[in-house]
Ligand code: AMP
């Protein structure tokens, strides 16, 4: 008997870049989440379905068993913590970096040298806290949920910690990248209990993904 498998994905880049990996596992998603309003998408395999959730919710769905497995960025996992999550693969997709950026007219290096207290706006509070603590820089962290680039422009913060890919968004807002904190890519996460009860179908997917990413 085929055991049912539920995969949690977010729309956009991760979804697009996951399709070839699913194909390698013989799975074709039958709906386009950009066109459909459905949150549960069927696949060509009757026992495999895809949930469309927000990127930051993927670890939560997998941790509590709402999904057996999911794909999400290293940034999201570091913020969420990895309780109950098995992380077998770095899928090398949705690559970017997480960086510190400031207004072009802000002298970040001398602010750091002088031991100034910096106001930093970010969605990535845990990553930012750890990074600045490791540098011995005192910061007041301001949690935002989006459009971080705005904060230094209106005097809400001296710096932001955000994802950077091409750098075009920073440039368009007269911001400059002053530190690269870490490289980011998306990981496969699996519910540890599901791995025990649905070992074979999950192993088949993990192995197909591993083959497709050359690991
Ligand atoms: P870019 O202009 O190419 O540097 O992209 C920067 C914008 O896209 C920022 O608002 C980021 O939050 C977002 N971004 C870049 N890469 C990713 C990614 N891999 N996952 C999610 N958001 C991203």
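Read-outs: derived from the displayed coordinates by stated rules, not from any lab. The structure presented is a predicted model; accordingly, all values stated were derived computationally and were not measured.
Over region 111-207, what is the mean sequence separation of C-alpha contacts under 8 Å (at least six apart), divided by residue count, expressed as relative contact order in percent?
Here the relative contact order equals 24 percent.
Can you give me the C-alpha center-to-center distance between region 1-72 and region 163-215, rounded to a whole angstrom?
Measuring centre to centre over Cα atoms gives 14 Å.
Quick check of the Kirkwood formula: for region 96-184, what is the inverse mean of 1/r over all pairs of different Cα atoms, in Å?
For region 96-184, inverting the mean 1/r across all distinct Cα pairs yields 12.7 Å.
Could you give the angle, 0 to 90 degrees to the nearest 10, between helix 199-212's Cα long axis and the longest principal axis of the Cα atoms of the chain?
60 degrees
Return a whole-number percent for the relative contact order of the chain, with Cα pairs under 8 Å and 6 or more residues apart as the contact set.
Once normalised by length, the contact order is 28 percent.
Taking the Cα atoms only, what angle lies between the long axis of helix 125-135 and the longest principal axis of the chain, rounded to 10 degrees?
Once rounded, one gets 50 degrees.
Among 61, 124, 145, which one shows the biggest mean-square fluctuation in a GNM of the chain, springs joining Cα atoms closer than 10 Å?
145
By how many degrees, between 0 and 90 and to the nearest 10, does the Cα long axis of helix 13-24 differ from the longest principal axis of the chain?
30 degrees
Among bridges DSSP assigns within region 96-184, what percent are antiparallel (round to 5)?
65 percent
Can you say what percent of the DSSP beta bridges in the chain, counting only those with both residues inside, are antiparallel? Round to 5.
65 percent
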